[in-house]
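What follows draws every value from the coordinates through simple rules; no lab data is involved. Just so it is clear, the structure is predicted and the values come from calculations on it, not from any experiment. Note: ideal-geometry Cβ built from the backbone for every residue, glycine included; neighbour counts use all protein chains shown.
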Amino acid sequence: MAKQQRAIRIEQKSQLAAMQALESRTDEELEAETRYRAAAQSILGARAAERYDAKKARAHFQKALAAARPQERLQIRRMADVSLAMAERRADDLKAATEKLGVQGPTKWQLRGLRVIGLVAPPASAGMLARVRGIVVAILAIVALLGLGFGIIEGIGQAAGGISLDLAIFYGLLLSFIAVGAAVMLGRRRQKAALARRREQAAAGAPRR
């Protein structure tokens, strides 16, 4: 009887603890996972949230909850709250959800960035007015960024002895695109690392009964 109880405890512990081992698997491999289905579906849900796909994230977490044991469901539900708040660009809810999960919360800069994303690219559930507003804000931001890039190149060109208008426009556009691309790549990398760290912390803090 004691051996059987010990085996049950080990198996219960391994479900959410398996997340760290499953992180390196592809989405296809996680979809095919059967032994640790709850953990695999939770990771897929978090990955969908990283792409701001709230619909898929919710579907994966529903599958995770269905496959989880009763003592694991609260932790997975809290992980789902964090991921869905991220996917739906709800900065205040994300902060509250990470506190309930008991993991390191997002920084002020991350929350500010999420609010900006929510303003420029609101979720589908935000409504038509929010989408139109997002398009207008995005256009204004692009114009401002291009103007800044042009101004920097023009200033450098004048300091170096002058530069033609065509070259100033070309290099201004190039500088703007490089800056945006670098910012997006860096932001996505930091976001993925933060979410992976929260999943590991959540799995480590899962109940072991």
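A few remarks follow.
- Taking a Cβ cut-off of under 9 Å around residue 22, the surrounding Lys, Arg, Asp and Glu residues balance to a net charge of -2, with basic ones at +1 and acidic ones at -1.
- Order of 163, 178 - criterion: other Cβ atoms within 10 Å of each residue's Cβ, fewest first: 178, 163
- In terms of the mean number of neighbouring beta-carbon atoms within 10 Å, the peptides 138-150, 92-104, 48-60 order highest first as 48-60, 92-104, 138-150.
- Fewest-first ranking of 83, 176, 42, 164, using other Cβ atoms within 10 Å as the exposure measure: 164, 176, 83, 42
- Gain in span if fully extended, residue 135 to residue 55, counting 0.36 nm per residue against the direct Cα distance: 26.6 nm
- Approximate spin-label separation residue 27-residue 173, in nm, with each point projected 7 Å along Cα-to-Cβ: 3.2
- Residue 119/residue 99 FRET efficiency (R0 22 Å; Cβ-Cβ; nearest 0.05): 0.40
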